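These notes are about the structure you will find just below.
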Amino acid sequence: MLADCIRHGLPCEQVTLLSPHPYLRYSGTVPGWIAGQYARDMGLVDLAGLARAAGVTFIPARARAIDAGAREVTSDAGEPLSFDIASIDTGGVGQAARILGEDPRLIDVRPIESFVDRLEARLSGDQAAKRIAVIGGGAGGVELAFALRNSAWLDRSAEIVVITGNDGLLPGFSPAVVAKVGDELARQGLECLSADARFENGQIVASGTPYDVDVVVAALGSGAPAWPGLGGLACDDQGFIAVDRHQRSVSHPHIFASADVASRTDRQVTRSGVNAVHTGPVLAANLRAVMKGQEPRQSYTPRTAQLYLISTGRGEAIASYGRFAYQGRMAAKLKHAIDMRWLSSYAALAKPM
Ligand SMILES: Cc1cc2nc3c(=O)[nH]c(=O)nc-3n(C[C@H](O)[C@H](O)[C@H](O)COP(=O)(O)OP(=O)(O)OC[C@H]3O[C@@H](n4cnc5c(N)ncnc54)[C@H](O)[C@@H]3O)c2cc1C
């Protein structure tokens, strides 16, 4: 929406952006930072600068509650914010402590903004980590495991186990991709276990086997924040905001939601950065339409096959496109080019202080 406002002007008298940080950390470059490919703050999108360029009022605060019927949001900023139309795009919340149990060694990848600080503080601290468990066998967990294996923070002798959950390695990906990733995990000396994990008596236990680990990095996918449902918005059975094909709340037509925090009622859309990015222009067009008193018309349809590029942390990536799998340096170059193009498109739009 910010990019749309910069290109086409404000759609109404006042647009306000509520976000706890003046930047957005692009998750795609975080594994590259861990593996030493990128500087720490390479993947920051300047939200405050985009808001300035768009003429949008930026309030650096986290939404804590919404009264969907009364059209009011309460945030850290104090004063409740009234709105005519709202768009909620706050992403998913971490669910590692709920699923695995609380433990001081647990580092949840969400929220990604503080993950970078939490991981750096632990791995660059005085106590070297010798045994690490990465919990989660999706693309995020796998990339983090490869990145950690190649991180300068860890000794080459450090043991890393990837515990995927009962659904196994890369659920939803083709057997060819799963085989390539499995082979690469073995080549890099990463143990892989397909089982659900949980903290029991101070250890991570999976399939009855206790793992005595120093650090547990969890990438368990997006959980739903509680406040939208508590504020009266209709949600799916997991708590994600239920929206129609136009990203419009099925209970409150003046509220829209997109990407990881939302759940389409007409079709399943995987929670991924790719789908989040492609939903953006559709959401912006629909918000513009309702602000003009028209019905929203646009709808996002994910492609049947989508390109995923999983970095191995060693200058290669594994490409997944439908049933097709490829591993090599070309895939890593393509991933880098796509990520840099995305980041620089926003850097070019932002207005510096
Ligand atoms: C390590 C890792 C690597 C990944 N790599 C890829 C990849 O290569 N390709 C891919 O397709 N997907 C990838 N993903 C998934 C991708 O990051 C998410 O699906 C995507 O970021 C979701 O976008 P979003 O806009 O819903 O949320 P986010 O990108 O999480 O953005 C949410 C924004 O809302 C703000 N916010 C949060 N709570 C509040 C609140 N209460 N009030 C106000 N603002 C709030 C946040 O600060 C943030 O700015 C990866 C995920 C991880 C964890």
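Nothing in this text is a laboratory measurement; each read-out follows from the coordinates by a stated rule. All values reported here derive from a predicted model rather than from experimental measurement. Every residue, glycine among them, receives a Cβ derived from its backbone with ideal geometry; neighbour counts consider all protein chains shown.
So for the chain, taking the charge dipole from beta-carbon charges (+1 Lys/Arg, -1 Asp/Glu), which of 15, 286, 205 sits furthest toward the positive end?
286
Taking the Cα atoms only, what angle lies between the long axis of helix 175-187 and the longest principal axis of the chain, rounded to 10 degrees?
The two axes meet at around 50 degrees.
Could you work out how far the C-alpha centroid of the range 297-353 sits from that of the range 127-172, in angstrom?
21 Å
Pick out, from 134, 99, 144, the residue whose Cα sits farthest towards the positive end of the charge dipole of the chain, with +1 on the Cβ of Lys and Arg and -1 on the Cβ of Asp and Glu.
144
Please identify the trypsin sites (Lys or Arg not before Pro) of the range 126-159 that satisfy two criteria: DSSP loop assignment and at most 16 other Cβ atoms within 10 Å. Which are they?
Counting only loop positions with at most 16 other Cβ atoms within 10 Å, the trypsin sites (Lys or Arg not before Pro) in the range 126-159 are 130, 156.
Would you pull out the residues with amide H under 5 Å of residue 204's amide H, same chain only if 5 or more places away, H placed 1.01 Å from N?
HN-HN under 5 Å from residue 204: 211, 213.
Which three extents, in whole angstrom, do the alpha-carbon atoms of the range 96-221 cover along their principal axes, largest first?
41, 30, 28
Cα axis of helix 139-149 to longest principal axis of the chain: angle in degrees, 0 to 90, nearest 10?
With both axes taken from Cα atoms, the answer is about 50 degrees.
When the Kirkwood radius is taken over all Cα pairs of the chain, what Stokes-Einstein diffusion coefficient follows at 20 °C and 1.002 mPa s, in µm²/s?
Answer, rounded: 100 µm²/s.
Straight-line reach from residue 130: which aspartates and glutamates have Cα under 17 Å away, leaving out those fewer than 8 places along the same chain?
120, 155, 159, 191, 212, 214
What's the magnitude of the charge dipole for the chain around its Cα centre, counting Lys and Arg as +1 and Asp and Glu as -1 at the beta-carbon? Answer in Debye, nearest 20.
1140 debye
Starting from the Cα of residue 299, step 7 Å along the direction of its Cβ; do the same at residue 226; then give the gap between the two resulting points in nm.
Roughly 3.5 nm, to one decimal.
To the nearest 20 debye, what is the magnitude of the charge dipole of the range 140-213 about its Cα centre, counting +1 on the Cβ of each Lys and Arg and -1 on the Cβ of each Asp and Glu?
Charge dipole of the range 140-213: 180 debye, to the nearest 20.
Give me Rg/Rg_expected for the range 172-233, where Rg uses Cα atoms only and Rg_expected = 2.2 N^0.38 Å with N residues.
Cα Rg divided by the expected 2.2 N^0.38 Å: 1.60.
Order these by the 10 Å Cβ neighbour count, fewest first: 316, 120.
Going from least to most buried by this count: 120, 316.
Which cross-chain or sequence-distant (5 or more) residues have an amide H under 5 Å from the amide H of residue 252, H modelled 1.01 Å from N in plane?
234
Can you run phi through the Karplus equation (6.51, -1.76, 1.60; θ = phi - 60°) for the range 80-85 and list ³J(HN,Hα) in whole Hz, with x for Gly and Pro?
With the stated coefficients, the range 80-85 comes to x, 9, 8, 9, 8, 10 Hz.
Can you compute the charge dipole magnitude of the range 96-221 about its Cα centre, using +1 on each Lys and Arg Cβ and -1 on each Asp and Glu Cβ, nothing else charged? Give it in debye, rounded to the nearest 20.
160 debye
Nearest 5 percent is fine: what portion of the DSSP beta bridges confined to the chain is antiparallel?
55 percent
Normalised by the residues of the range 96-221, what does the relative contact order come to in percent, with Cα pairs under 8 Å and at least six apart?
Dividing the mean separation by the residue count of the range 96-221 yields 36 percent.
Can you work out the FRET efficiency for the pair residue 292 and residue 82, with r the C-beta to C-beta distance and R0 = 22 Å, to the nearest 0.05?
About 0.60, to the nearest 0.05.
Quote the relative contact order of the range 268-342 in percent (integer), defining contacts as alpha-carbon pairs under 8 Å separated by 6+ residues.
Computed value for the range 268-342: 17 percent relative contact order.
Restricting attention to the alpha-carbon atoms of the range 193-327, what are Rg (one decimal) and Dmax (integer), both in Å?
Rg then Dmax for the range 193-327, in Å: 19.5, 60.
If I take R0 = 22 Å and measure r between the Cβ atoms of residue 333 and residue 113 in this structure, what FRET efficiency does the formula 1/(1 + (r/R0)^6) give, to the nearest 0.05?
0.20
Determine, for 1, 353, the number of other Cβ atoms within 10 Å of each Cβ, and report the residues in order from fewest to most.
353, 1
Compute the long axis of helix 273-291 from its Cα atoms, compare it with the longest principal axis of the Cα atoms of the chain, and write down the angle in degrees, 0 to 90, nearest 10.
10 degrees
Under 15 Å Cα to Cα from residue 292, which aspartates and glutamates show up? Leave out anything in the same chain fewer than 8 places away.
Output for residue 292: 13, 84.
For the range 106-158, what relative contact order do you get, as a whole percent, if you take Cα pairs closer than 8 Å and at least 6 residues apart?
32 percent
Find the centroid of the Cα atoms in the range 28-76 and in the range 259-292, then give the distance between the two in whole Å.
Between the Cα centre of the range 28-76 and that of the range 259-292, the gap is 17 Å.
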